[in-house]
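The values are calculated or read from the model by the stated rules, or taken from the named source; none is laboratory data. Everything quoted here is computed from the prediction, not taken from an experiment. Positions of Cβ are generated from backbone atoms using ideal geometry, with glycine treated the same way; all protein chains shown enter the neighbour counts. Surface areas here come from the heavy atoms of the whole protein model, side chains and all, with no ligands, DNA or RNA. Shrake-Rupley method; radii C 1.70, N 1.55, O 1.52, S 1.80 Å.
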Amino acid sequence: MMKKAVASAAALLVAAACALVAACLMVIGGSTGDANASTCTGTLTPVADGTSGPGSGGAAPVYEGTQQEKTSQIRVPVAPQGKQTLPQWSTAQIRNAATITNVARTRNLAPRAAVIAVATAMQESTLTNLHGGDRDSVGLFQQRPSQGWGTIAQLTDPVYAAKKFYDSLVKVAGWQTKPLTLAAATVQRPAEAYRGAYAKWEQSAGSLVSEAWGDHAVTSEFTGCQTGSSPQPGTASAGAADPVTQLASKAPRSPAQAVAAARRAAGSGGWGGMCELFVEQAYGTRAVHTTANAHWRAAVAGGYAHPGDSRPPPGALLFYDNGKYTGHVALYLGRDQVASNDVLQSGRISIVSRRELTDGAWRLRYRGWAEPRLPSHPGLNRI
């Protein structure tokens, strides 16, 4: 009995270690009951309410955020390989991506499954529900009735087609941590020359899945089973070299001029809860988007968002989930510094490290960065 008790205690310790070190595993099942697999559960992370500790300026500032339940924020993991394609998506294409995502949710699959599925549909059909294709291929995933996927009527139903894709995906050993293109190719079985074709869609798929999953879903870099202590995007070390990326801007100010304007605004007041207005005025325009989240959604649909990318160029707009419908946006100045309202003092512009937003009093979750696609006409401006 003593040996059994010791063995049981050891087993409990191993299980605890799994939960802490590898984000542990849970069993999930498909609707048919025969497509079971394990997946990482490290995609749920807490979000603070902005008052859990003082910022570097003293008392915790008031900001446009709200306290959320521990499981309200979802991390949508991506690990893009090679050059990414970030096209503009139509309303119908975005709706098809949302359908694929929602099928994953109803089956209790992790967001990673939806990213793989949406990227696959991007490659196979450009997220268009096709009624024809190569030989007898049809639908979003170009599945073939002659290969046993279903009838033409079934496979042109996006919900049915997504279910069949997930049935096959969860049977792929280690799909949760495999490179996306390898997992997708294992399901789709394309010609050898096309097995790597799915990779270029991963970042765009991640952004659409994040949008469909809910207001507090964010796309992040993926390193397998992540825990709350894993390195997060948007927290690069101070002084790290910025990428050499030429940002095009039709706004009255260039990215370099916008950065200079934001630096001039440091310490100015009257910006409480006005993050979107601040970044627009830094570029010399205003009143383009009502909220930071609305701006991010437009960037995702327009193909100029870079979800989960932690290496923005100076002048980029950095977007965050703040636990509210508004979201938050800051202007990246380069060398790990951002200009943001409210972060140290309510209503005032401060220049701080990106870590102040993600690891300071606010504990925001980084969404990614977007190019400054702002209008060419100027607006009333106080910067």
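Odds and ends about this structure:
- Cα point-scatterer Debye curve for segment 237-327, base-10 log of I(q)/I(0) at q = 0.10, 0.11, 0.17 Å⁻¹: -0.27, -0.33, -0.83
- Arg189 exposes around 150 Å² of accessible area when a 1.4 Å probe is run over every protein chain in place.
- Of the cross-linked pairs Lys83/Lys164; Lys171/Lys324; Lys163/Lys250, those separated by over 32 Å at the C-alpha level are Lys171/Lys324; Lys163/Lys250.
- Once all protein chains are placed together, Glu124 keeps about 50 Å² accessible to a 1.4 angstrom probe.
- Cβ-defined net charge surrounding Pro111, 9 Å radius [Lys, Arg +1; Asp, Glu -1]: +3
- Between Ser346 and Val62, the built amide H atoms are under 5 Å apart, and every one of these is 5 or more places off in sequence or on another chain.
- Cα gyration tensor shape of segment 299-352, rounded if a/c is under 1.5, else prolate or oblate by comparing a/b with b/c: oblate
- In segment 252-383, the alpha-carbon atoms span a convex hull of 92 Å³ per residue.
- List Ile152, Ile74, Ile94, ordered by accessible area with a 1.4 Å probe, largest first: Ile152, Ile94, Ile74
- Distant-in-sequence amide H partners of Gln143 (H built 1.01 Å from N, under 5 Å): Val138
- Cut-off under 5 Å, modelled amide H: who pairs with Asp336 long-range: Gly239
- Descending Cα extents along the principal axes, segment 75-196, whole Å: 34, 32, 30
- The stretch between Tyr325 and Ser346 holds 5.6 nm of extra length on full extension. This uses 0.36 nm per residue minus the Cα-Cα distance.
- Segment 285-319 and segment 358-375: distance between their alpha carbon centers, rounded to Å: 8
- Taking all protein chains together, Met274, Met122 sort by accessible area into Met274, Met122, largest first [probe 1.4 Å].
- J(HN,Hα) series, segment 74-79, from Karplus relation 6.51 cos²θ - 1.76 cosθ + 1.60, nearest Hz, glycine and proline x: 10, 9, 9, x, 10, 9
- What the Cβ-Cβ distance of Thr177 and Asn102 gives, at R0 = 30 Å and to the nearest 0.05, is a FRET efficiency of 0.80.
- Heavy-atom accessible area with a 1.4 Å probe sorts Asp136, Asp167, largest first, into Asp136, Asp167.
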